[in-house]
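Down below is the structure, laid out as structure tokens.
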């Protein structure tokens, strides 16, 4: 019974963590967080593991926004266009930093 409860809690946390809102405020927060992490990465000697993790996060962020736009074509999602464009530029920069 105890393992069942633990499994349920872990499942809930995973499900809750994977749900991302694409409202303008939430997108701005996530974009700002990723940009700050990129700035921190650039301030010091670049650690490949951190660069790789940030690359994955940007890729996930961009793909999520594109998928959201595709699934919600009936609502106004134009605000995502600039975030997709700027994130794609930063992602390419991160890729260029590979060892």
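Of all residues in region 17-53, those that are under 17 Å from residue 85 (Cα atoms) and surrounded by 15 or more Cβ atoms within 10 Å (Cβ to Cβ) total 6. Within region 70-82, the presence of at least one residue that is within 21 Å of residue 25 (Cβ to Cβ), in a helix (DSSP H, G or I) and touching a helix residue (DSSP H, G or I) at 6+ places or on another chain (Cβ under 6 Å) is confirmed.
Only the coordinates and a few stated rules stand behind these numbers; no lab work does. All values reported here derive from a predicted model rather than from experimental measurement. All Cβ positions, even for glycine, are placed from backbone atoms using ideal geometry, and neighbour counts span all protein chains on display.
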